[in-house]
Structures are given as structure tokens and as C-alpha cells.
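Written out below as C-alpha cells is the structure these notes cover.
The values are calculated or read from the model by the stated rules, or taken from the named source; none is laboratory data. Computed from a predicted model, the values in this text were never measured in an experiment. Here the Cβ positions follow ideal geometry from the backbone for every residue, glycine too, while neighbour counts run over all protein chains shown. The protein model used for the area step is the full one, side chains on, heavy atoms only, and it has no ligands, DNA or RNA in it. Shrake-Rupley method; radii C 1.70, N 1.55, O 1.52, S 1.80 Å.
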Amino acid sequence: RLGVDMVKINVLAGAESIGGNFVKIEDEDRILIFDQGIRFDVMDSYYTPFITPRSIAELRSLGALPKSEWHRGVREIYISHMHLDHLGALSNIPEKTNVHLPSLTIYESFEEKWRKSPTWLSLIPRKYFINLEELKPLETDKNDVMAIPVSHSAYPSYAILYFGKDETILYTGDFRVKSFLEEEDFIKIKGGIDLFTYLRENKDLRIDTLIIEGTNIGSSRPPITPNEAAQMIRKLTSNHTPLIATLHTLDVEYAYFLAKLSAELDLKSYIASEHIASFLEKTLNRHLRPMVIEEYVSYPTFLKKSTLGDVEKQSIILVSYREVVDLLRDVASTEPTLLKEAVAVISEPEPRREEAVEYSVFANWFLRLGVQHYTIRASGHYYPYEMKSILAKIKPQKVIPIHTENPKLFSRILDRLS
């Protein structure tokens, strides 16, 4: 390419941490931000359940939130998905700015919950200067930005493609190569084809700079794919029911898979979580709509309701991490026969720090109540062994690692594959 590069890319946060991404793109008179998340590694260093943040200013000063000066001159912020390590605190944005979110409906549901929180979470949704806009998949907007659907453990999730004046930049956000969804279901739920299908169908597109996440670089976690997790869960349901499955509220892909599996195996499916129900009723088709257990879902819903006493043994029960222990205690005290052959599948949330999940506490309750449990985690992020295939499909001229605790290893892998 001839001439002087006009595009400047600054990774101001996330280069050496999982979460807290803040990518600043300067292209002549245009300044864009991709994500502006909370750094939970910093939060863990200064706060406990008993020591909590006092203000946004305190979080900024510690480096848990982006510095106010990073936003100077910025008028457009793009959020890849709504895990807090990417969404951040909208109250932290100090200038008049358009914030492009994956889903206004889902954001508003979370905002209502955060506002009522007695913790620091109530600081997150306060909007002083911002205007919210919803991303539209596979459409190039006024800023020459396109949101492309990707598979992740949050719904919706996008990669952000920027068609700059002299450079095309792809920021992956968080993504995995394989999904719990079949292609037809993915398109229906996500509103369009996935990133790699888009690249395959647009062979003339050239990616100058790829900004790619590396959550699992250096991790020793077993590389379990959604398909392998699905096989394990099918095996369990053939020997134990009910199956109690925990999941993150935003993990619609996994929830959809569980609802579809229950229909496939002729099992009933139930939801024991208000927020899971509110998200799923917007995405599940009429053939896959589970019932809600009314003791845990109080808001008006078109989903059919059931009482805890009417829950059938041959079933799959979807519940959030924060509510699973209450569900177990309620069942043990009112419907103990349901637990005789029950099995629990714990799917670790991502980001785990955001949920503050204590697995030892879960394990103690399962053991006390005589329920066998398994941890089955299909990561919402690609695995290192998939890097070669990913680069072959994207074919970038330059790669910038982000969202990793092991940047040196990441760079070594990239050098080896270049």
C-alpha cells in the first residue's frame, strides 16, 4: 500500500488482561472505540464482598474502568457484546457519545436489574451524556462499521468490521469457532450468517489488521467443543432425570440447545429463572418454548406456567448460577422425590469473575442433597489449536492480540503461524 497510513490503532486496555478491552481507532477526523469494559482482575485486587467501590471516580483511579481522557473527542462507541468486561459502565463515559449496543431490549432488562442492586452494580447504567443505538447485523452504518454475528456465550455477540479510508480493520470481540446452534438456527436467532460464512461469501474482502481475542491462550482447560458437550449431556439424560442445567443469563445459544434437546428426547423443559425466561421467550420458536416454574418467574409471560409441584421427573430444568441453590433447597423441602435420580450440569459462566461463582459452595450443596453433578464447559472462546484455521480464513496482513493474560505466548504462536 502506497502513502502514509492514516489509521491509528491504540489498544489502551486489554493487551495483557482478559477483559477490560478498550480499542481506539483514529482515522483522520473520525475516532471510534471498540468496547470499554471493566477490568475484573483489578476489581479482584481491591474489592471483596465486604469492600465495595464507592464511585465511578474510584474505579477509574484504580484502572478498573477506562480513564476519562481516553474518551476525549470520541463520538461513537461500539460494544461487541454485553458481558461487563466489554460493556463496562455507561456512566463512565464523560462526553456526548453514541453507544452502539448489540440489543437495546436486553440492555434495558439488565439496566432494570442493575438499578435495583444494593451493590456497585447500581453505578453501571446511569446515562449522563450518551445516546443508545442498536447494532444491525451485516449492515454498514454511517461510520463505515459493520457488526457481524459470532458464536459466544453471550447473546447477541458481534465481530466489528471497520472499512477505514485506507485500512480495513476486523475486531473479533469474543468468539468461538463452533456453536451450539445449527446453521439454520444460528441465522434465525442471530439475524444473519456468522463471521466465517461472511468472509467465505465475500472473497474480495481484504483484512489489513485483525484485532483478535486470546482468552484461552496459555489455558490448560480441556478443549471441549459445543458438539462434545452436547454428546456428554445426551449421555447423562439417558441415565438421569431431571437434569438441572445452570447457565449464564445471556447464554442463549446453550439455552436454545437444551430446549431443543428436551424436545428431541421427548422431555419436558422448564425455566426456573426470570431473566432466562425473559430472554428466551424472544428467541425460541413456538415448538421449543419451555414452561416456566411460576415460583421463580413472576412477570407476565406468554410462556406456559407450571408450579414446582407439577414439574415432571422426565425433564430438563434451566436455572441461573445465582438461583440454583435456592431451587435445590426448595425442591428438597417440597418435592424431594425429584432429586432421587437428578443430575446437575454446571456450565461455568464467562466471564467467571463477573458472576463471582463459588464452585466449592455449589459442590457442598449438591453433596448435602445427594445430587450428582458435573462441570461441563464448552468455552465461549476459540481454542489455541484453532488459531491456524482462523488465520487461514481471515488472511490478515497484520495481527494485534488482545483479551489475553499471556501476550508473549500469543505472539510466539502468531510468529510460528506467520
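Within the bounds of the range 175-183, is there any residue that is surrounded by fewer than 18 Cβ atoms within 10 Å (Cβ to Cβ) and under 24 Å from residue 289 (Cβ atoms)?
The answer is yes, given that some residue of the range 175-183 is surrounded by fewer than 18 Cβ atoms within 10 Å (Cβ to Cβ) and under 24 Å from residue 289 (Cβ atoms).
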The range 16-26 - residue that is at pLDDT 95 or above and either among the charged types (D, E, K, R) or over 15 Å from residue 93 (Cα atoms) (or both) and, of those, least open to solvent (accessible area, probe 1.4 Å): 25
Where residue 104 falls short, out of the listed (1) open to solvent by less than 10 Å² (accessible area, probe 1.4 Å); (2) modelled with pLDDT of 90 or more; (3) touching a Leu at 6+ places or on another chain (Cβ under 8 Å); (4) not β-branched (Val, Ile, Thr): (1)
Breaking point among (1) more than 20 Å from the chain's Cα centre (by Cα); (2) modelled with pLDDT of 95 or more; (3) over 21 Å from residue 85 (Cβ atoms); (4) surrounded by 13 or more Cβ atoms within 10 Å (Cβ to Cβ), for residue 369: (2)
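Would you point out which residue out of 141, 194 is buried (at least 20 other Cβ atoms within 10 Å of the Cβ) and either without any contact (Cβ under 8 Å) to a residue 60 or more places away in the chain or among the aliphatic types (A, V, I, L, M) (or both)?
The unique qualifying residue is 194.
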Any hit, the range 346-356, residues being surrounded by 20 or more Cβ atoms within 10 Å (Cβ to Cβ), at pLDDT 95 or above and either not in a helix (DSSP H, G or I) or not hydrophobic (A, V, I, L, M, F, W, C) (or both): no
Positions within the range 83-99 being under 14 Å from residue 133 (Cα atoms) and either free of Cβ contacts under 8 Å to residues at least 40 places away in the same chain or open to solvent by 10 Å² or more (accessible area, probe 1.4 Å) (or both), in sequence order: 96, 97, 98, 99
Positions within the range 281-338 being among the polar types (S, T, N, Q) and in contact with a helix residue (DSSP H, G or I) (Cβ under 8 Å, 6 or more places away or on another chain), in sequence order: 283, 285, 298, 301, 315, 320, 334
Residue pairs meeting the criteria (Cβ under 6 Å; at least 6 apart or on separate chains; first farther than 22 Å from residue 163 by Cβ, in the range 387-403; second modelled with pLDDT of 95 or more and charged (D, E, K, R)): 403/213
Hey, residue 177 among the β-branched types (Val, Ile, Thr) and farther than 27 Å from residue 24 by Cβ or not: yes
Top-ranked residue in the range 29-69 [being of a type in the set (Val, Ile, Thr) and farther than 20 Å from residue 126 by Cβ; ranked as most open to solvent (accessible area, probe 1.4 Å)]: 51
Residue check for residue 127: within 18 Å of residue 33 (Cα to Cα), open to solvent by 30 Å² or more (accessible area, probe 1.4 Å), touching a helix residue (DSSP H, G or I) at 6+ places or on another chain (Cβ under 9 Å) and at pLDDT below 90: yes
